[in-house]
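All remarks here apply to the structure that follows.
The values are calculated or read from the model by the stated rules, or taken from the named source; none is laboratory data. No experiment lies behind these values; they were computed from the predicted model shown. We place every Cβ from the backbone using ideal geometry, glycine too, and count neighbours over all the protein chains shown.
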Amino acid sequence: MSTPLSPLVLAERSVPRYTSYPTAPQFTPTVDATVAGRWLAGLATDAALSLYLHVPYCRSICTYCGCHTKAARRDDPLEAYTETLLAEIDVVARATPARRVTHIHWGGGTPSLLGPERLTRLVNRIAERFDLSAIIEHAIELDPRTVDEPLVEALAACGVNRASLGVQDMNAHVQEAIGRIQPFEVVATCVGLLRKHGIAAVNLDLMYGLPKQSVEDVVRTATLAASLSPSRLALFGYAHVPWFKTHQRLIDAATLPGAGERLEQAAAATAALVAEGYQVIGLDHFARPDDPMAIAAREGTLRRNFQGYTTDVADALIGLGASSIGRAPEGFMQNAPDVGAWRRAVEAGQLSIVRGCAVSQDDVLRGGVIERLMCDFAVDFGALAAAATGESHALDDALPDLEGLQRDGVLELDGRMLRLTDRGRPFMRLAAAAFDVYLRAGKGRHSVAV
Ligand code: SF4
């Protein structure tokens, strides 16, 4: 019998985040505007749609950023981008007979950088082309440093009912190290403005593993964040991938906490948030027990998509904006990442899809197992395999890796029932990876497991 691996060795393994399966590195140009057009045209007229609008601009670039964004110091690119988004809403509305939008999510970048007038114009256009009468959630990511009262008034008038604030860390020396000066008071003022205008559902996004960050810094940040009573919190590990995000080269790798300290930081922040009354949601989210996400987690209906954990159960996700990713029942589809290429397609009256992945029955099964594992900390993969293929052993190719993780103390296997141990929860991506046939084939380079 082999010796169990230490948590440090496990934490340093490199695996995908599994916000989709197959993961984005498996997307190819075989899914283009023609294929995506067929998928969107095939949606039922009463299908529920989720819209994701990506705005790839920020005032300045934070050194730790892992998003697809660039600096816009003037308004011209924002105006041009808005015009193309307006045209893209028309293109998409022509491409599908589905009209019922249940979720809208604005991500970036800093979508609020568009400002009240442009955001209102875009929401009005969506409302002209689609039916927003049954909308459940209209969410936007905000940079607290750029939020003022006119913006919040406009968001409330547009029907925004949830806001996610990028916080990361509340300590001055860490904020300096990541190029993002944002004192606690800035966040508190932003939360106050949102609540004043009726946007009560507030998420705060925190990070561990940042340069010069200690366990004490992470705990102080978590405690200060909880003092603002957000309905949800996310706690992401900083992913240092300077070969992919070149501005991260500005971060001195020697100032980054090591794998052991990252583990300690995640555990200490989790303990602090649990002590404040938050429920742990999957790998990296927390919610107040009365929040819809906490309820979904308890009821086994939590989902996972490109934004991480979600309660969104729409039939299709349509991505708008450069680089955005959508999902139809047949597979994933991604817009051109480059703003110029995206604009040229839209101006020609076409979808700008340049790559994606048609999902096979096997992909759907494996993706479903990974989703349940990451949402519920446990999955009966034999039962899911039997329901999909009639053969409970269809996923037994995962067993050798799973048995290895069992020896490491990450999970317990009872036949084909897999349950993560408490100690193993931070390593759930390693258990998910056991079902990933593409990873086994050795394609792609990813961030560390914790
Ligand atoms: S504000 Fe957010 S998206 Fe923009 S550069 Fe900073 S981390 Fe990246």
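Points to keep in mind about this one:
- When residue 107 is tested against (1) crowded, with 22+ Cβ neighbours inside 10 Å; (2) away from the ligand (no atom under 16 Å from the Cβ), just one condition goes unmet, and that condition is (2).
Yes/no matrix, rows are residues, columns are (1) more than 16 Å from the ligand (Cβ to nearest atom); (2) buried (at least 17 other Cβ atoms within 10 Å of the Cβ):
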site: 13; (1), (2): yes, no
site: 18; (1), (2): yes, yes
site: 22; (1), (2): yes, yes
site: 27; (1), (2): yes, yes
site: 49; (1), (2): yes, yes
site: 56; (1), (2): no, yes
site: 84; (1), (2): yes, yes
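- Test: residue in the stretch 150-167 that is acidic (Asp, Glu) and surrounded by fewer than 21 Cβ atoms within 10 Å (Cβ to Cβ): yes
- Strands (runs of 3 or more DSSP E) lying entirely in the stretch 289-342 (those with 2 or more residues that are over 30 Å from residue 273 (Cα atoms)): 316-320, 325-328, 331-335
- Matching residues, the stretch 168-180, being away from the ligand (no atom under 11 Å from the Cβ) and either outside the structural domain of residue 265 (by TED's automatic domain parsing) or modelled with pLDDT under 95 (or both): 176, 177
- Qualifying residue in the stretch 187-200 (condition: buried (at least 21 other Cβ atoms within 10 Å of the Cβ) and in a strand (DSSP E or B)): no
- One residue stands out in the stretch 149-167 among those that are of a type outside the set (S, T, N, Q) and under 30 Å from residue 248 (Cβ atoms): the one that is farthest from the ligand (Cβ to nearest atom), namely 162.
- Those residues of the stretch 70-82 which are within 16 Å of the ligand (Cβ to nearest atom) and either hydrophobic (A, V, I, L, M, F, W, C) or surrounded by fewer than 20 Cβ atoms within 10 Å (Cβ to Cβ) (or both), in sequence order: 70, 71, 72, 73, 77, 78
- The stretch 13-65, residues that are in contact with a Gly (Cβ under 6 Å, 6 or more places away or on another chain) and in a loop (DSSP other than H, G, I, E, B): 21, 27, 31, 56, 62, 63
- Residue in the stretch 139-147 that is within 16 Å of the ligand (Cβ to nearest atom), in contact with a helix residue (DSSP H, G or I) (Cβ under 8 Å, 6 or more places away or on another chain), hydroxyl-bearing (Ser, Thr, Tyr) and closer than 15 Å to residue 113 by Cα present: yes
- Per the conditions (1) at pLDDT 90 or above; (2) surrounded by fewer than 21 Cβ atoms within 10 Å (Cβ to Cβ); (3) assigned to a loop (DSSP other than H, G, I, E, B), the sole criterion not satisfied by residue 230 is (2).
- Criterion (over 21 Å from residue 292 (Cα atoms) and of a type outside the set (S, T, N, Q)) met by exactly one of 141, 117: 117
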